[in-house]
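Below is one structure, written out as structure tokens; the observations come after it.
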Amino acid sequence: MAEAEGRLDLAADEIHVWRAELDQPETTVQRLARTLSPDEQERAKRFCLERVRTRFIVGRGLLRTILGHYLGRAPEGLHFAYAARGKPSLAPSEGTDLRFNVSHSDGIGLFAVARGREVGVDVERLRPLPRAERIAERFFSVPERTALKGLPAERRLEGFFTCWTRKEAYIKARGDGLGHPLDQFAVTIAPGEPARLSAVGDGDPSEIARWSLEGLPPGPGYVAALSAGGRGWRVTSRDWAW
């Protein structure tokens, strides 16, 4: 899809997930850099690697551009607020029920936008990870580790990243970040089994009903997941074409 023209509509039961390439020509980087706030521009300067810095600028500038299309506002005029654990949101002064979340891996960025419900999104590039088993032992719950070991050897790396993105999407939707113990809840990862929160450890069992999970198709070589409050929502995936 080409860059959005005019104002975008978003129904209450719909979640839009935009996919974008973050490696862009210098002219695009400069244009998006002009939409950043002074504190975002200062943050960008702190990245030592140019590729990391430009991807931050593109990702942040595109987030502002996308949100601006839903709000009918100039991207440089938007104001953000941050929760105790750092989750960003549009400031109360914006007077909107829009919620959003962002994730990126290498040069791919995903931007989830919803109305009136918290969202979390996570994307990971499939790549060799020699310490995957050790990481799973530390951060995955017992049901997840059992499910992972039950996968064929050639599917375990994909299973690891599938589990990781679903867990990350859930805690990002909650706004907990890594302050929420990753081994204290479980998500499904078996092939063919619908994505869902399957256990919450010693937490409130109603938590399972409060959140939904869905796997996303971000493109070859990547896995991704989306989590959002409530049930019955639908996902519309869109590619941002420059």
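Taking 7 Å steps out from each Cα toward its Cβ at residue 51 and residue 183 produces label points 3.4 nm apart. Using a Förster radius of 35 Å, what is the FRET efficiency between residue 149 and residue 207 based on their Cβ-Cβ separation? Nearest 0.05, please. Efficiency at R0 = 35 Å is approximately 0.85.
The alpha-carbon of residue 45 sits under 17 angstrom from the alpha-carbons of these aspartates and glutamates, leaving out residues fewer than 8 places away in its chain: 26. Taking a ≥ b ≥ c as the square roots of the eigenvalues of the Cα gyration tensor, the stretch 14-117 is prolate, since a/c reaches 1.5 or more and a/b is larger than b/c.
Using a 10 angstrom cutoff on alpha carbons, build the Gaussian network for the chain and name the most mobile of 83, 209, 33. Per the Cα network of the chain with a 10 Å cutoff, 83 tops the list.
Listed by chain and number, the aspartates and glutamates whose C-alpha is less than 13 Å from the C-alpha of residue 149, apart from same-chain residues fewer than 8 away, are 133, 137, 158.
Placing unit charges on the Cβ atoms only, positive for Lys and Arg and negative for Asp and Glu, gives the chain a dipole magnitude near 340 debye about its Cα centre.
Could you give the nm distance between label points at residue 134 and residue 7, where each point is 7 Å from its Cα heading toward the beta carbon? Those two pseudo-labels are separated by 5.4 nm.
Full extension of the chain segment joining residue 79 with residue 157 gains 24.1 nm, where the gain is 0.36 nm per residue of separation less the Cα-Cα distance. Within the straight-line cut-off of under 17 Å between alpha carbons, the lysines reachable from residue 167 are 87, sequence neighbours fewer than 8 places apart in one chain being disregarded. Approximating the spin labels as points 7 Å out from Cα along Cα→Cβ, the residue 43-to-residue 238 distance works out to 2.3 nm. Along the axis of the charge dipole computed for the stretch 122-242 (Cβ charges of +1 for Lys and Arg, -1 for Asp and Glu, origin at the Cα centre), the listed residues 198, 216, 186 are led at the positive end by 216. Over the chain, DSSP H runs of length four or greater, each weighted -39,500 (n - 2.57), average out per residue to a 222 nm ellipticity of -9500 deg cm²/dmol.
Quick note: the coordinates plus some simple rules give every number you see, no bench work behind them. Small disclaimer: the values here were computed from a predicted structure and weren't measured. Neighbour counts run over all protein chains shown; Cβ positions are idealised from the backbone, glycine included.
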